[in-house]
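Since every read-out is calculated from the coordinates, none of them should be taken as a lab result. All of these numbers come straight from a predicted model, not from anything done at the bench. Every residue, glycine among them, receives a Cβ derived from its backbone with ideal geometry; neighbour counts consider all protein chains shown.
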Amino acid sequence: MGITYLDQNALIGLGRKARTPEFRRNVDVALESGTLTVVVSTWHLIETAHARRIESAVELAEFIDSLHPSWLFERHDILLMEVADDFYKFAHVEHQSAPRVGTRSAVLAALNRTADAPKFDIPSARFVTQWWTHRDQLQTLEAAYKKNSEALVGIRELKKQGKLTDDVLAKAKQILLEHTVPTRTPAGIEIGRATRAEYIAIAKEEAIPTLAIESAISTHEWEAQGGADRNTLIDKFHMIAALPYVDEIVSDDKFFHAIFPVSVETGHVRAALVKNDDFLKRFE
């Protein structure tokens, strides 16, 4: 069956309803039968660690693990995978596309830029407790997300000022691809600069799902639709990254519902969009 991405509010709502034994049994039946497969991201854990009370944070973290979820890789890791797929196709290099959804340990290992290992297979409550106790570590993890949201705000301001010209966009695309195009084949053979430069010159963002969707959304005013605060934008990044790789996203977010049709027009969206109440009714 398909996989379901729950935004933070949907996850919290499901957890509260699951405190009722009958409702929880219905959720467990769906999980065991395979009619429900939940996918979350590390952002859920970061948001969970922002709870005012450690008891609430631990309860939600333990609930997440009780769903035996799959885990969505982080946006930047997904972008690397997408660019690699597009580049290898251009260069006629045979390869197996990397999964965008995996285990918690694989996602955390990728976040730490290292190979998967048993040390990353740690209960979510332990991570959340550590981050709740040591907020400085939490701030370090959030830095990359904040950078992404600030970049989006910067792009929006350039657009308002009429400075987002074709030359500026082309230069931004070049810089992005220079940092994401593989330097070696999956077999470890070094890829020459000329080949990489040739690809960068002709690469189209429409062929790279994450970039295509974000570009389509950028034609709409983010602040008019859903606010520009850091947490709001970061939450959007994760749902946007999920669109091509899950079967449904559960969210009541007004902005996300507003930009969903625009995202679909890119041809990269696999997910259906479901409201929280409609999702919860499945288990009543």
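Worth a mention:
- Across segment 1-130, the mean sequence separation of Cα contacts (distance under 8 Å, 6 or more residues apart), normalised by length, yields a relative contact order of 26 percent.
- Loop-located trypsin sites (Lys or Arg not before Pro) in segment 94-133 (DSSP state not H, G, I, E or B) with no more than 11 neighbouring Cβ atoms inside 10 Å: Arg113.
- Rounded if a/c under 1.5, otherwise prolate or oblate - segment 1-48, Cα gyration tensor axes: oblate
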